[in-house]
Amino acid sequence: MKKKNIIIWAIVAIVIIIVGYFSFGGGQKKAASKTVTIGIMSGVKQDDAIWKVVSKTAKSKYNITLKFKKFTDYSQPNKALANGDVDLNAFQHYAFLDAWNKANKTSIVAIGKTFITPIRLYSDKVKKIKDIPDGATIAVPNDATNESRALYLLKNAGLITLKKNTALATIKTIAKNPKNLQIKELDASQTARSLSDVTAAVVNTNYAQAAKIDYKSAIYVEPVNKDSEQWINIIAANKKDRNKKVYKEVVKAYETAKTKQEIKKQYGTAEISAWDIKLK
């Protein structure tokens, strides 16, 4: 082979190697870019602002693009996750997930913590817990999870005690009721409206906000302790995907100081970041 041809073929080979290298490298870069779809509830601007911060962290630190599928019904995000329509969801607490798995025979698990929104006891009649009189009527939500949560709030406030080993509290699991309180069970959306008729009412924060009740006016706030651990909101995945690296990175992108700052900015003390709190 002539020297000129050798040089030409050498140049061609080098070009092929260079093109192949950059093509392969480009392919690697494309593969490294990941997209994760998360199911969340719609209509909450504060939450959108928080997820915007998380999305920036996920993209800059882990090259993950977060996409969101919004739902209007609390029964939808877990169905979507189980069906593979979303990769993760973030809308529920441990207690809701536990009840969902039992009722629907699904295997959805928590892979990270987000926040807790303490419920509060409000009153138009008294200013302090100690001022609640004997025989007073206390309104609580009547659905299983929120009623249990409300009764645990009353327990932590020192108004009642519950039977040992109570998981899901009901009126029947009240062990002691020294003030002979009358527990009035209402739909959760109605407890705020009942304040003019009862001595006090346990109201979920979203319903308090809807009723334009200042959460700072509460006479008692649910403490963040082992009793309330089950109400911590979570990021959930299908059990088979719980150890996927990309999903763990999404959790890391959420559990940051920047996210904590944004939660405080958007909610003040109405909502508390929960991944690093110590439960007593």
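Laboratory data are not the source of any read-out in this text; all were calculated from the coordinates shown. In this text the structure is predicted, and so the values were computed from the model without any measurement.
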Part-to-part distance (alpha-carbon centres) for segment 152-188 and segment 39-86, which is given in Å: 35
Residue by residue through segment 195-208, what is 3J(HN,Hα) from phi via Karplus (6.51 cos²θ - 1.76 cosθ + 1.60, θ = phi - 60°)? Round to whole Hz and write x for glycine and proline. 4, 6, 9, 10, 6, 7, 9, 8, 10, 5, 4, 5, 6, 5
Diffing segment 231-241: the Karplus 3J(HN,Hα) column from phi (6.51, -1.76, 1.60, θ = phi - 60°), in whole Hz with x for Gly and Pro, holds 9, 6, 6, 9, 9, 10, 9, 5, 3, 5, 9
Cα-based Rg of the chain per 2.2 N^0.38 Å, rounded to two decimals? 1.39
Over the chain, calculate the relative contact order: mean separation of alpha carbon pairs under 8 Å at least 6 apart, over the residue count, as a percent. 27
Residues whose placed amide H lies under 5 Å from that of Ile235, excluding near-sequence neighbours: Ile111, Gly112, Lys113, Thr114
Roughly how compact is segment 165-280, stated as its Cα Rg over 2.2 N^0.38 Å to two decimals? 1.35
Across 5 Å bins beginning at 0, the whole-percent shares of Cα-Cα pair distances in segment 153-223 come to 3, 14, 24, 25, 19, 11, 4, 0
Using θ = phi - 60° and Karplus 6.51 cos²θ - 1.76 cosθ + 1.60, couplings along segment 262-278 (whole Hz; Gly, Pro as x): 6, 4, 5, 4, 7, 10, x, 9, 5, 9, 10, 4, 10, 6, 10, 7, 9
Quick one: which residues, 5 or more positions from Leu186 or on another chain, have an amide H under 5 Å from its amide H? H modelled 1.01 Å from N in the peptide plane, none for Pro or chain starts. Val140, Asn142
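What percent do you get for the relative contact order of segment 158-280 when only Cα pairs under 8 Å and 6+ apart count?
Contact order relative to length: 16 percent.
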Tell me the mean residue ellipticity at 222 nm calculated for the chain from its helices only (DSSP H runs of n ≥ 4, each -39500 (n - 2.57), averaged over every residue, nearest 500). -12000 deg cm²/dmol
5 angstrom amide H check on Lys69, placed H, neighbours 5+ away: Ile38, Gly39, Ile40
As a percent rounded to 5, the proportion of antiparallel DSSP bridges among beta bridges in the chain is 50
